[in-house]
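Just so it is clear, none of the values below were taken in a lab; they were calculated from the coordinates. Being a predicted model, the structure only gives us computed values, none of them experimental. Cβ atoms come from the backbone with ideal geometry, glycine included; neighbour counts cover every protein chain shown.
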Amino acid sequence: MKGKSLISINDYSKEEQIKILDLAAEFEKNPVQNILEKYVVATLFFEPSTRTRLSFESAVSRLGGKIIGFSDSSSSSVKKGESLKDTIITVSNYSDLIVMRNPVEGSARYASEVSKVPLINAGDGANQHPTQTLLDLYTIRQTQGNLDNLHVAFVGDLKYGRTVHSLVIALCNYNTTFHLVSPIELKLPSAVKMHIKDKNLTYFQYTDMNDVIPQVDILYMTRIQKERFSDSLEYERVKNLYILNKNMLKGIKENLKILHPMPRVNEISTDVDNTPQAHYFQQALNGVYVRQALICSILGLK
Amino acid sequence: MVKELKVSALENGTVIDHIPSENVFQVIKILNLEKFKTHLLIGTNLESKKYGTKGIIKLSNKFFDKEDVNKIALAAPNATLIVIKDFRIIEKNTVRIPDKIEGIVKCFNPNCITNIEQVPTKFEVISKDDLKLHCHYCEKITNKTNIVFI
Ligand SMILES: [Zn+2]
């Protein structure tokens, strides 16, 4: 994977994805090493995303690397009207790897084509956020021992959530059975369902989440965002439909784990946090190991 | 309506026939004929048995690469290309939509990098019958209902 940018999860084959997960497991055991001592990683955040940026910066810092960049475009030359191309060419002269988040869709693919150094997409608008997908795969494997033949439920906004789309597509490599829980107006788009059908896998659709909890190995919760609704009454109706609390965790499989890409609003009550099923904080931490693995693979250091 | 364009027959060159009337000038633009230096005849709103009306372009001493001509398929999917030498038709082909399209059409997604910075569009054609263009950058699908020429 040396020198290979990661823009879209499908840029990496199943085998390459597994290599990253295996390497991430090594970093989980030994997250502080000095392998990036001579390297500079640029983190260019054209829109703020504190969680994602801190996760990348923690990953680099714990491996002894240096970080340059900016955390939102208001403080950079972009504000003065510099084109993305010029910014990327300039920064690629100063660094060995670029991590970029940008609200414009397709900006990451374009940036990787003008950059002299490899680039990791840390989110390009509603399009792709592949490191989230890798850390989700890592977390599922960590909790279940493997990725094959699992029953995975996705709950909430399945229409606009790019996190869900990418993870569903990635899981199609592992004979997953999908349980899709959402309001009618936020169902998984047919373009994503096509991937499930192409692999001859099964999916079930529900509007009530109580029906699925006893059946699944992974319960992946998402938040429903207000800005997706033109009608605020509709949002009010839907927003409280899927709130998971401790009492709902009855008659469950013993290996059930609850994931969430974070931050949560009210989808998971805090009384769930101390149950053995809650795994969303660990999931966020796994992001650091996965990003360490990815950065080192791309730089050809592992 | 005039039945046939009254012009002298072409000795050597290319005729592009069965262009939808409303897209004749689009085809000229795609083939970059605005700066064409020899005889160029354009007809539009002509009678067509098959399509109601049609447009036609005749170019003397001009021959195209097939690849080049296929670029017009998005604007004129039923166009025929006729190659003439010594007043005789030596080749007649219908255009074919190519597998990849660069430039020519816009990505319909207003938040795509190609609509925000000076980045030429690039698409993979994922369906030709029911036209679907997959944007190389934002990965969204532009289709027949929202296609716009540049
Ligand atoms: Zn696009």
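With θ set to phi - 60° and the Karplus curve 6.51 cos²θ - 1.76 cosθ + 1.60, what are the ³J(HN,Hα) couplings of segment A:200-215 in order, to the nearest whole Hz, using x for Gly and Pro?
Here the 3J(HN,Hα) series is 6, 9, 10, 9, 10, 10, 9, 10, 10, 7, 4, 5, 9, 3, x, 8 Hz.
Taking only the C-alpha atoms, wrap a convex hull around chain A and report its volume per residue in Å³ as a whole number.
Expressed per residue, the convex hull around the Cα atoms of chain A is 131 Å³.
Find the percent of Cα-Cα distances in segment A:130-284 that exceed 28 Å, and round it to a whole number.
Values: 1516 of 11935 pairs.
Result for the distance tail: 13 percent.
Quick one: helix A:84-94 against the long Cα principal axis of chain A, what's the angle to the nearest 10°, folded into 0 to 90?
That helix lies at roughly 60 degrees to the long axis.
Looking at the protein assembly as shown, send over the antiparallel percent of its DSSP beta bridges, to the nearest 5.
Close to 50 percent.
So what's the gap between the Cα centers of segment A:142-165 and segment A:204-240, to the nearest angstrom?
14 Å
For A:Gln205, which sequence-distant residues (separation of 5 or more, or a different chain) have an amide H within less than 5 Å of its own amide H, given hydrogens modelled in the peptide plane?
HN-HN under 5 Å from A:Gln205: A:Leu180.
Using amide H atoms built 1.01 Å from N in the peptide plane, name the residues 5+ places from A:Gly69, or on other chains, whose amide H lies under 5 Å from its own.
Result for A:Gly69 returns A:Thr43.
If you average the C-alpha positions of segment A:1-41 and of segment B:47-96 separately, how far apart do those two centres end up, in angstrom?
Taking the Cα centre of each part, segment A:1-41 and segment B:47-96 sit 52 Å apart.
Amide H of A:Ala122: which non-local residues (sequence gap of 5 or more, or other chain) have their own amide H closer than 5 Å, using H built in the peptide plane?
Counting only residues 5 or more places away or on other chains, the set is A:Met100, A:Arg101.
Please compute the average number of Cβ atoms from other chains found within 10 Å of each residue's Cβ in peptide A:186-199.
0
Net charge around A:Phe46, counting only other residues with Cβ within less than 9 Å of its Cβ (Lys, Arg = +1; Asp, Glu = -1)? Mind dumping the intermediate values first?
Values: positive: A:Arg101; negative: A:Glu47, A:Asp72.
Value of the local net charge: -1.
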